[in-house]
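The values are calculated or read from the model by the stated rules, or taken from the named source; none is laboratory data. Keep in mind that this is a model prediction, so the values were computed, not measured. Here the Cβ positions follow ideal geometry from the backbone for every residue, glycine too, while neighbour counts run over all protein chains shown. In case anyone asks, the SASA skips ligands and DNA or RNA and just uses the protein heavy atoms, side chains included. Shrake-Rupley method; radii C 1.70, N 1.55, O 1.52, S 1.80 Å.
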Amino acid sequence: MPTITEIADLKRLYRRRTPKMFYDYAESGSWSEQTFRENTSDFNEIYLRQRIATDMTERNLTTQLVGQDVAMPVVLAPVGLLGMQCADGEIKAARAAEKFGVPFTLSTMSICSIEDVAENTEKPFWFQVYTLKDDDYMKRLMERARAAECSALVITVDLQVMGQRHKDIKNGLSAPPKLTPASIANMMTKVPWGLQMLGTKRRFFGNVVGH
């Protein structure tokens, strides 16, 4: 493992290891990508007020989020297709969040299912859900989340119209991935990723199989 000093180091490592279609999925947005860019740039407008001559020996980031004790006010956001970025990625991320003491949010469009993550973790996790028109499917999905003891629902309400993600269309993004000469050539350069994916049975959207 190389020395990691900042987020940019992780992003460079991520780009080297992950097939282009999945890297582009996480590192791009829909249409003009304005919102995607501002999700980062807006933080540049926030400044922390410096306090000097202050005793820092008892500093503590622990707090509560929706009644849950957390090590710091951070939540791992839902990421669709995480299990294609890295084999069993949702399980690994949930375990890391559990170990650090912050909530993990599973995406409806995850590769590992609700049950997969529940079986491989010890503490409840959060579940992100879309408000779909299929009431029967939504009811069954909620029942599955309840059975898995998910401690919070993160409801997506700003997706009235599906945004077109240009790079996904050009890359032929799917789960499992569409095999084209270009995607095969790119995946052949990601040998560790390929070996990981061969070692897992989870390559489809685990929460929507059969729907």
Inset, instruction - Looking at (1) more than 19 Å from the chain's Cα centre (by Cα); (2) closer than 28 Å to Asn186 by Cβ; (3) aromatic (Phe, Trp, Tyr), find the lone condition where Tyr23 falls short. - result: (1)
Legend entry - All positions within the stretch 86-113 that are crowded, with 22+ Cβ neighbours inside 10 Å and in a helix (DSSP H, G or I): Glu90, Ile91, Ala93, Ala94, Ala97
Legend entry - Filter result (touching a Phe, Trp or Tyr at 6+ places or on another chain (Cβ under 6 Å) and free of Cβ contacts under 8 Å to residues at least 40 places away in the same chain) within the stretch 157-193: none
Inset, instruction - State all residues of the stretch 141-163 that are among the β-branched types (Val, Ile, Thr) and either more than 12 Å from Thr131 (Cβ to Cβ) or not in a strand (DSSP E or B) (or both); if no residue qualifies, say none. - result: Val157, Val161
Inset, instruction - Evaluate the stretch 35-51: report whether one residue or more is open to solvent by 50 Å² or more (accessible area, probe 1.4 Å) and at positive phi. - result: no
Inset, instruction - Being under 12 Å from Gly83 (Cα atoms) and among the basic types (Lys, Arg) is the filter; apply it to the stretch 154-211 and report the residue that is least open to solvent (accessible area, probe 1.4 Å). - result: Arg202
Legend entry - Candidate set: the stretch 173-202, residues that are β-branched (Val, Ile, Thr) and not in a helix (DSSP H, G or I); chosen: the one farthest from Lys92 (Cα to Cα): Thr180
